[in-house]
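Engineer: Could you have a look at this structure, given as structure tokens, before my questions?
The values are calculated or read from the model by the stated rules, or taken from the named source; none is laboratory data. Computed from a predicted model, the values in this text were never measured in an experiment. Here Cβ is always computed from backbone atoms with ideal geometry, including for glycine, and neighbour counts include all displayed protein chains. For accessibility, only protein heavy atoms count, side chains too; no ligands or nucleic acids. Shrake-Rupley method; radii C 1.70, N 1.55, O 1.52, S 1.80 Å.
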Number of protein chains: 2
Amino acid sequence: MNTIEDILKKAKLNVTEGRKNILEMFVLGGGALAHADIEKNTSVSIDRVTVYRTLQTFVERGIIHLIPTTDNTILYALCKDNCSDGHHHDEHVHFICITCNKTNCLEEITVPNIQLPKGFKPIQAAMIVKGICLHCKN
Amino acid sequence: MNTIEDILKKAKLNVTEGRKNILEMFVLGGGALAHADIEKNTSVSIDRVTVYRTLQTFVERGIIHLIPTTDNTILYALCKDNCSDGHHHDEHVHFICITCNKTNCLEEITVPNIQLPKGFKPIQAAMIVKGICLHCKN
DNA sequence: AACCCATTTGCAATATCGTTGCAACTTTTA
DNA sequence: TAAAAGTTGCAACGATATTGCAAATGGGTT
Ligand SMILES: [Mn+2]
Ligand SMILES: [Mn+2]
Ligand SMILES: [Zn+2]
Ligand SMILES: [Zn+2]
């Protein structure tokens, strides 16, 4: 039935108006969101602090993940199903459109392995590509 | 003769105590630095605002470059010689050691090209690798 | 439905971070 | 050495983020 509530329950979180609202923005909107996007656009009014705490909780429970950015803003996007609790599996490439300024998770593109200098041991890698997105081309 | 002053002069900047001090930290230290590192460790006391403005100026003149991070902190490192004015050529991989917490520019490793989904046009790419660095291994 | 208890929320206070305008000071150049 | 240009520090401000605590809400029970 209701996807939004299911996600919250699966994460063992109480289903509250605020959480439903915020999660809905991720599920329906599709793209990446910043704290400010959420604070401004929720239908119900939600306190700033609650937004911070909700995002933090969602990250901890594997509902959303932080997106690396090149301009030190903080962005979040929905995780895939197999993320949970403290364990994320979001090693995909992120694409930032310089026209519409939206950030897309390219779930199907994984970060390539590269050859590091001798002595460096890689554990995790992130890749951010900037360019023109599908909708903004031509 | 004095490398520090040369770099400043080449960038058409006045040679001041503050700038010499900050630039020296980059040249001697070798690694990446955050605003806070600089504010705390300069031998002469330099105002917060001046540090901000100095870093900004150095970036504009191609002396240092911003380093992308995954935790939305802002880091800077020395540019290679061929960066100047507003034109940077720092598309190398950055390595963050999870032990010593230092960030290294891997100047010789360029960010690999990848195949994006149809319709996405790449313009610039960044890659950040986390792991254990040369000095912290074993 | 009324209750209890754990969880969640909002508010106020506080901390950190970064920017701007302006007057005083320093560096460069003549 | 004096004028002009460039740079700095201070104070004020704005944005962003964190914490403690009391009030409100949600989930489970009777
Ligand atoms: Mn993603
Ligand atoms: Mn670098
Ligand atoms: Zn776009
Ligand atoms: Zn290390």
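Engineer: Pop out the carbon and sulfur fraction of the accessible area of the range B:4-137 as a percent, whole number, probe 1.4 Å.
Structural biologist: After summing per-atom areas, the C and S share lands at 49 percent.
Engineer: Evaluate the Kirkwood expression for the hydrodynamic radius of chain A, namely the inverse of the mean inverse distance over all pairs of different C-alpha atoms, and round to one decimal in Å.
Structural biologist: Here the Kirkwood hydrodynamic radius works out to 16.2 Å.
Engineer: Continuing with the same structure: Take a quick pass over the range B:3-138 and tell me how many lysine pairs come in under 22 angstrom between Cα atoms, counting only ones 8 or more apart or on separate chains.
Structural biologist: Close lysine pairs found across the range B:3-138: 12.
Engineer: Could you work out, residue by residue across B:105-114, how many beta carbons of other chains sit within 10 Å of that residue's beta carbon, and then give the average as an integer?
Structural biologist: Average per residue, whole number: 3.
Engineer: Sticking with this structure for a sec: Divide, for the protein assembly as shown, the radius of gyration over alpha carbons by 2.2 N^0.38 Å, where N is the residue count.
Structural biologist: 1.13
Engineer: Assume the label is 7 Å from Cα along Cα to beta carbon: what separations in nm does A:Leu28 have to the matching positions in the other copies?
Structural biologist: Those label-point separations list as 5.8 nm.
Engineer: One decimal, nm, shortest first: give the distances between the label point of A:Thr50 and those of the same position in the other copies, each label point 7 Å from Cα along Cα→Cβ.
Structural biologist: Its label point is 4.7 nm from the equivalent points in the other copies.
Engineer: Going highest first, how would you order A:26-37, B:60-71, B:35-46 by mean Cβ packing within 10 Å?
Structural biologist: B:60-71, A:26-37, B:35-46
Engineer: Send over a whole-number figure in Å² for the accessible area per residue of the protein assembly as shown, probe 1.4 Å.
Structural biologist: Per residue, the protein assembly as shown has 58 Å² of solvent-accessible surface.
Engineer: Report the accessible surface area buried between chains A and B, summing both sides, using a 1.4 Å probe on protein heavy atoms only, in Å² rounded to the nearest 100.
Structural biologist: Protein heavy atoms only, the A-B interface buries about 2900 Å².
Engineer: Please work out the C-alpha center-to-center distance from the range A:30-102 to the range B:18-73 and express it in whole Å.
Structural biologist: 29
Engineer: With +1 on the Cβ of every Lys and Arg and -1 on the Cβ of every Asp and Glu, and nothing else charged, how large is the dipole of chain B about its Cα centre, in debye rounded to the nearest 20?
Structural biologist: 240
Engineer: Another question, if that's okay. In deg cm²/dmol, rounded to 500, what helix-only [θ] at 222 nm does chain A give when every DSSP H run of at least 4 residues adds -39500 (n - 2.57) and the total is split over its residues?
Structural biologist: Helix-only estimate at 222 nm: -9000 deg cm²/dmol.
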